Structures are given as C-alpha cells and as structure tokens.
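Structure first, commentary second.
The values are calculated or read from the model by the stated rules, or taken from the named source; none is laboratory data. Everything numeric here is computed off the predicted structure, so don't read it as measured data. Here Cβ is always computed from backbone atoms with ideal geometry, including for glycine, and neighbour counts include all displayed protein chains.
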Number of protein chains: 2
Amino acid sequence: MLDFSFVSPTQFAFGKGTQAQAGEFCRAFGQKALLHYGGGSVVRSGLLDQIKHSLQEAGVSFVELGGVQPNPRDTLVYEGIELCRKERVDVILAVGGGSVIDSAKAIAIGVKYGGDFWDFYSGKQTVTGVLPLGVVLTLPAAGSEASNSSVITQEKTSLKRFCDSDLLRPKFAILNPELTFTLPPFQTACGVTDIMAHVMERYFTNTQGVGLTDHMCEAVLMSMVKYARIVIQNPRDYDARANIMWAGVVAHNNVLGVGRQQDWSTHMIEHELSALYDVAHGAGLATIFPAFLRYQYPHNVMRVAQFAQRVFGVEMDFEQPERTALEGIDRLKAFYHEIGMPTSFKELGAKEEDIDRLSAKVLLNNGDKLGYFHPLTRAGIAEVYRLACD
Amino acid sequence: MLDFSFVSPTQFAFGKGTQAQAGEFCRAFGQKALLHYGGGSVVRSGLLDQIKHSLQEAGVSFVELGGVQPNPRDTLVYEGIELCRKERVDVILAVGGGSVIDSAKAIAIGVKYGGDFWDFYSGKQTVTGVLPLGVVLTLPAAGSEASNSSVITQEKTSLKRFCDSDLLRPKFAILNPELTFTLPPFQTACGVTDIMAHVMERYFTNTQGVGLTDHMCEAVLMSMVKYARIVIQNPRDYDARANIMWAGVVAHNNVLGVGRQQDWSTHMIEHELSALYDVAHGAGLATIFPAFLRYQYPHNVMRVAQFAQRVFGVEMDFEQPERTALEGIDRLKAFYHEIGMPTSFKELGAKEEDIDRLSAKVLLNNGDKLGYFHPLTRAGIAEVYRLACD
C-alpha cells in the first residue's frame, strides 16, 4: 500500500425531500447565493422553485445563472465569475449533475483569483482559495458532489481539461434519490457507466497489498450491476436509485482509491471523444473501457481475472486465467449493452478516420505516455480506439 | 434505504513516518497543545519524543497528561479539563489508541462546558462546541480516530457510557502502520475483533435495499479475516498492518452504516463485561458476538446466511439456510480462536453467577429493551450471556 492523505469533508443530506434544506445550508455560508443550473428539466420539474422557496425561507437572496451544457464550457464560467463579483455572492449553489457542479467549481475558483481561471485547468496555478460551494444533485454520475475535481472544455480549442484540489470538495451536498426517478434510461445508464469507471480507474492498478480497497471497489461494482438492472426495469425503484446515488459519492470521493496508484487513462481517452463529438461522457466510457481492458489485460492477467471472478462471477480458469479475464471483459461489455450503452465507435457516432487526431490530442498535455497500469504510447492509445471501433 | 446525514471531515495522513507531521498539523489550530497519552509504550518506543520534536519544530508549546488506562476513567478527564483551562491549551493531541482518544474527546468537550462533562455521557446535554482534537494512532481498534463517539467509565459506579456528536470527529489523524509492528498479538487480535464488531453492528440490520453498504461491510470483514491471519504470523507485514489500520477508519467513520438501522447491542452487552472485570473490549466482543448471533439468527436466517456465505465462503444450503447461518457463526468463533481471542466466559475470566447483575446493568439507561435487529429483553440479554459461557 502507498502512503496517502485523505479528506472528504462534504456534509451530505441524503433522502426524501432533502432539497428543502438547501436554504438552511446556504445560510451557514452567507446571505447571497448564485443559483447555478443547466437546462429546462430542473425548471420544468419544479425543483428550482422549491429551492428558491427554501432560500427565501432561510433569508438568503440569490442571483441565477442557468444554461450549463453537458461538457461545460469556459465561456459560461467567465460569465459566472463576473456575475458573482458584481453581485457580491457568498456561496454558489449548483443544482444539477456533474456538468453544473464542475462549472460551479470553476466559478468558485475564478472568483478568488485575479487572473484567468483557465490557469488552474492548464496546470499553471494551484488552487489556494474558493468561494463556498453547495450542491443539490439531480444526476448520479460524475461524483463531482464529493470529488476534488472539475472538468471544463475550452470552447475555442475543444480542449477538455481538469483541475483538482481538496478545496474543490463541496461544503455540502443534498441528495434525494426521488429526484432521479424521471431521468431518461439513457442518462441513467450513462451515470452508471461513469460511476463504474471511477471505480475501475482506481481498481486496475499495479499496487500490491491493497486487498481492502480491492474488495470495496468490487462491492461498489457488484452493486452497480445489480441496481442498474433494476432501475432500467423500474425507474421509480427508490432503493435501487438510492444505492446508485450513494455509489456515485463513494466511487469518487477517493475512499476507494487511497494507497494505490490510479490510472485515469480511460477518462483521458474518452474526454477527447466527448470533446470532439459532444457525445455523453458515460457513453464514451462504455465504448472505451472494454477496449482499454482488451488491450491492457496481458499486462496483468490476474488482476483482470480477479475482476471477472469477483464482480461478474466468472468461474476462475486456473489453467488459463486469460480466459477468465477475457470472459470478464465480455461480460462488462454485455452489461453495458444490456443497459442501453453504445460499445463501439459506430454506435457512439465516432469515426475511425479521426483516430490519429484523437490519439495526438490525448497526449497533448500528458507527455509521451499515458497512465500507470501499463503506460500507453500514442500508438497504444490509437490501438485502444481501434479496438473500440466494432 | 433510510434517510441519513453523513459527514466525516477528518484529515488523514497515512503512511510511513507520518508522525513527523504532528507539529505542523497542530500549528494550524494554535500555539499550545495538550499531549495526551497512556502508559509506557509510547515513551519506550521513542514515539513521544519524536512528536515532541515535531511540535517544537513547528513552534507549538505543550503540556503533558499521560496515564490514560484501558477503559478510560472520568477521573483523568477532570484532570485534563482543569489542565487545559489553566494552561490555555488550543489543541489536544491524543497519542495512542481508542482509550486515549476517547479520553481526549471527553476533555475536548469538558473544556468548553461550564458544568460537569459527564452530563454529555449521561445524555443530559448535547455537544455544541469542543476544543480541536488531533490524533497519532498507535492501535487500530476502536476507530475513535474517525468516529463521532467516545466511551468513558465513571470510576465510582463502574458505568461505561458513550457520547456522540459529529463535533467529536478529530480534525486530523496521523496513521503510520509501522507504529503497530510491535503490538503484542493479543492486542492486535483485540483490535481486529473490535473493528469487525463495528462493521457487524451495522451489518445485522432489518433495513431492506442496502445492497451497496452490505457489500462494503462484507469487503471490510473479508479483508480483516485475511490480514489478521497474516499479521498473527508475521507482525511486521506492512501491507497487512496498513490494511487493518485503514479498515479501522472505514469500519467506524460510518460510511458503512449510512441509510440502515444499526444495532449496537453487542457493544452494550460487552461494555458491562469490561466495566466489571476490566477485560479488554475486543476480548469481550469475541466472547459475546457469536453468542449474540446464535441467539438472534432465527429472527433473520437469510441475513446471517448471507454473512456466512459472503464473508466466510460457506456454501449456501438452499434447503436449510439455517445450517448455513450456523456454520457462519461457527466459523466466526473459530476465527476468533485462531487469532487468540477468548470466546467464552471461562476463557475471558467472567463469571456465570454475575449474569443477572450484568443483564440489569445493560438496561440501566436503555429502557425495557435493547437494540433493533431483534430487541432484547433482560431475559434475552441474560440468554446471550449464558450462550457465551462455554
């Protein structure tokens, strides 16, 4: 096990009707909030009105900034920073999923910084202060409600880059599984895929002696497979929705990742797909992850076999463990299909002829090689994309 | 799944040599520390000197209060409160295991309170403020380094009572697995037993639809069985020590207990044993837990069978699941024996003739019945003690 530091200070309020606590939570951080959200669904569902009511009851005034898009853009972040400064906002309340929260995080950083907030995403600066940030979560997926990171796309370059710091962990997060009953099946499945990827990016490691977090990762993966199947059949199953929602937190607050070398290659490889084609991040991950494993498994057959046996119940082939590993990868891909995810470039809407360009972009800010499990050269990355073609 | 709130804000520094960070961590909370510890081992090992050096380097002055005993007493707590007030202490640094940390928590509460600190342990008062508290952990067991609770024994009555509040979670905790290399096997095994009990008190629940935390509990239990066997053979196995140390945190910061009804009956039943005979808490738990399960399993055979199958790999008997459940309980008991724990009154040094007195004391502050899984009357509690006799 490797040395580590870990802190996950977010206060979670989980359960039915918890959005009514939004005002009270914000009040602890000041008198004026920025209400940050995306498109129409939080308006149509009446959630935004409930939250405004809660803020008013708590004596918190607010300004609004909607319009966050999936794969959130720097342009809206600049607008939010300006608005917070002009209106002397004390606390940002993000109402939505990962895109809204990531956008809110970028605003929270930018308000406290004299220069261009992109400096933090291009690696030029380290975060030293942020505006307090709270969350009302509507989509369990990105885990941004608990994580230390944010991903923003620079509109003019299509570059998707991340920033991380423990200061980016929200002060509070309100999670009501009922708010996810009406999520479309595709979005639900994208969320499940993203959550599972957050676990697997931590799971496929070369670090030895991490049996506890191995088993904990497997616990979350098994549960996701179980509950995803239930919600695809019955979108209003509270317990299934609740387990998925809490899994999103556990998968990405890093309690599963401590003491082990992580490898976020798949996210990096996917980011270029969603930046170029504007496809859903989860859909891109479902396409890339089985291909990544298929390319990488010879490097550590036993770890992939362990995954196959423990998560998907594949019988261990002690004579030929690689068969177990491959069967596990097939089951993962079949599971993605079962919940309605694309698992090929064709299904995703990506193009084989873009592979060179995509591979080059992945390495643009990442040196010569990507990842740790089995570092990928540009040719290796291209091969992963190629394996994802069909 | 039940509604819940969850916060675990402790900053963990985990790994080799991390005790050198003690001064720096304390410095963030003030200029004067109370160094609180137990007996000779932290002195003999040189750990206390290393920490004093770290405090001096960071410019933090300190006063000392050693002498914390296992099952920490109120008398030393009163002394600590007085000392902190007199010396205008800013931060308490507990160096030791659960007893030292629990004692430090009680001091941290008491310093900020005008009345008798025992008011918080007798349930008369709710915690509203504490002195900042940090930890250098030497014994993975109680989980107090991450928990919201503290247990203190009132010397004149032998009553062992607890207090809980999220304010009792330490600000920081320093965990170096190397510091546990020299723990005697008995103490190591007591710690393992306590950690497993913290998981099982959460695991044996009637709450439905909590598959994620079920699997996470099983993950920790399986890992404890694995790594406990390793350290009993090889006390200096770093990875095994590290997995056990981190499991102590995960087992008791409540990430495994969210959204489910918990049942702390076994701890309550054990507390009276350690209060009366001054036996190690872990040893008492090893004696009580199998007896508790043997008395309770008919109430929920399938849950105990699930435990047996998933944690100890007992083959599920689909015709007679109670056989699976009983086999699981036997395996648990055998495991305790294997790591050197007592599993009977006789081995523990408790007396059958005290059962009536013990049973009455358990219910003294707990109403007519104990617990939730299958609430225990005084007769039921006595029966659990009786099943623990041999």
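Based on this model, can you work out whether A:Asp90 counts as modelled with pLDDT of 95 or more, of a type in the set (Asp, Glu) and under 20 Å from A:Ala275 (Cβ atoms)? No; evaluated as a whole, the condition is false for this residue. Annotation for the range B:242-264: no member residue is more than 29 Å from B:Gln69 (Cβ to Cβ) and among the aromatic types (Phe, Trp, Tyr).
Scanning the range B:330-340 for any residue that is modelled with pLDDT under 95 and either assigned to a helix (DSSP H, G or I) or closer than 23 Å to B:Gln187 by Cα (or both) turns up nothing.
Restricting to the range B:202-213, count the residues that are in a helix (DSSP H, G or I) and crowded, with 24+ Cβ neighbours inside 10 Å. The number of residues fulfilling the criteria is 4.
Kindly indicate whether A:Val199 is within 10 Å of chain B (Cβ to nearest Cβ) and β-branched (Val, Ile, Thr). Spelling it out, it is not the case that A:Val199 is within 10 Å of chain B (Cβ to nearest Cβ) and β-branched (Val, Ile, Thr). Residue check: B:Asp74 meets all listed conditions (1) touching a strand residue (DSSP E or B) at 6+ places or on another chain (Cβ under 6 Å); (2) within 17 Å of B:Gly134 (Cα to Cα); (3) in contact (Cβ under 8 Å) with a residue 40 or more places away in the chain but one, namely (2).
Is it the case that some residue within the range B:176-185 is within 27 Å of B:Ala22 (Cα to Cα) and free of Cβ contacts under 8 Å to residues at least 40 places away in the same chain? Checked against the condition, which is being within 27 Å of B:Ala22 (Cα to Cα) and free of Cβ contacts under 8 Å to residues at least 40 places away in the same chain, the range B:176-185 yields at least one hit.
Determine whether A:Leu221 is within 18 Å of the chain's Cα centre (by Cα) and either in contact (Cβ under 8 Å) with a residue 24 or more places away in the chain or buried (at least 23 other Cβ atoms within 10 Å of the Cβ) (or both). Yes; evaluated as a whole, the condition is true for this residue. Once the range B:1-54 is narrowed to residues that are buried (at least 18 other Cβ atoms within 10 Å of the Cβ) and in a loop (DSSP other than H, G, I, E, B), the residue that is nearest to the chain's Cα centre (by Cα) is B:Gly38. Out of A:Val130, A:Val199, one residue alone is touching a Leu at 6+ places or on another chain (Cβ under 6 Å) and not in a helix (DSSP H, G or I). It is A:Val130.
Within the set A:Arg303, A:Arg310, A:Arg323, A:Arg386, the sole residue that is under 30 Å from A:Tyr121 (Cα atoms) and basic (Lys, Arg) turns out to be A:Arg386. Just checking, how many residues over the range A:123-157 are crowded, with 19+ Cβ neighbours inside 10 Å and acidic (Asp, Glu)? So the count comes out to 1. Among the residues of the range A:172-195, just one is aliphatic (A, V, I, L, M) and out of contact with any Gly (no Cβ under 9 Å at 6 or more places or on another chain), namely A:Leu179. The residue that is nearest to the other protein chains (Cβ to nearest Cβ), counting only those in the range A:202-217 that are touching a residue at least 24 places away in the same chain (Cβ under 8 Å) and aliphatic (A, V, I, L, M), is A:Met216. Can you tell me which of (1) in the same structural domain as A:Leu48 (by TED's automatic domain parsing); (2) at pLDDT 95 or above is the one A:Ala189 doesn't meet? Failing condition for A:Ala189: (1).
With respect to the stated conditions, B:Arg236 is more than 20 Å from B:Leu293 (Cα to Cα), more than 7 Å from every other protein chain (Cβ to nearest Cβ), modelled with pLDDT of 95 or more and assigned to a loop (DSSP other than H, G, I, E, B). Between A:Val314, A:Val301, A:Val384, A:Val362, the distinction of being closer than 29 Å to A:Pro235 by Cα and in contact with a helix residue (DSSP H, G or I) (Cβ under 9 Å, 6 or more places away or on another chain) belongs to A:Val314 only. Residues in the range A:245-252 include none that are of a type outside the set (Lys, Arg) and surrounded by fewer than 24 Cβ atoms within 10 Å (Cβ to Cβ). Evaluate the range B:269-285: report whether one residue or more is within 14 Å of chain A (Cβ to nearest Cβ), of a type outside the set (Asp, Glu), closer than 26 Å to B:Thr180 by Cα and not in a loop (DSSP other than H, G, I, E, B). Looking for residues that are within 14 Å of chain A (Cβ to nearest Cβ), of a type outside the set (Asp, Glu), closer than 26 Å to B:Thr180 by Cα and not in a loop (DSSP other than H, G, I, E, B), one finds none in the range B:269-285, hence no.
Considering the range B:331-353, and only residues there that are touching a Pro at 6+ places or on another chain (Cβ under 8 Å) and free of Cβ contacts under 8 Å to residues at least 60 places away in the same chain, the residue that is surrounded by the fewest Cβ atoms within 10 Å (Cβ to Cβ) turns out to be B:Lys333. One residue alone among A:Leu179, A:Leu221 is within 11 Å of another protein chain (Cβ to nearest Cβ) and either farther than 20 Å from A:Tyr336 by Cα or assigned to a helix (DSSP H, G or I) (or both), and that residue is A:Leu221. Being farther than 28 Å from B:Tyr121 by Cα, out of contact with any Lys or Arg (no Cβ under 9 Å at 6 or more places or on another chain) and either aliphatic (A, V, I, L, M) or in contact (Cβ under 8 Å) with a residue 24 or more places away in the chain (or both), is that true of even one residue in the range B:354-374? No, the range B:354-374 contains no residue that is farther than 28 Å from B:Tyr121 by Cα, out of contact with any Lys or Arg (no Cβ under 9 Å at 6 or more places or on another chain) and either aliphatic (A, V, I, L, M) or in contact (Cβ under 8 Å) with a residue 24 or more places away in the chain (or both). Checking A:Leu65, A:Leu83 one by one, the residue that is farther than 24 Å from A:Glu272 by Cβ, in contact with a Gly (Cβ under 7 Å, 6 or more places away or on another chain) and not small (Gly, Ala, Ser) is A:Leu65 and no other. With respect to being in contact with a Lys or Arg (Cβ under 6 Å, 6 or more places away or on another chain), over 13 Å from B:Leu273 (Cα atoms) and assigned to a loop (DSSP other than H, G, I, E, B), B:Asp317 fits the description.
Residues checked against (1) under 30 Å from B:Met245 (Cα atoms); (2) within 14 Å of chain B (Cβ to nearest Cβ); (3) among the small types (Gly, Ala, Ser):
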position: A:Pro9; (1), (2), (3): yes, yes, no
position: A:Ala13; (1), (2), (3): yes, yes, yes
position: A:Gly17; (1), (2), (3): no, yes, yes
position: A:Ile51; (1), (2), (3): no, no, no
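All of (1) exposed (fewer than 15 other Cβ atoms within 10 Å of the Cβ); (2) touching a helix residue (DSSP H, G or I) at 6+ places or on another chain (Cβ under 6 Å); (3) within 14 Å of chain B (Cβ to nearest Cβ) hold for A:Glu57 with one exception: (3).
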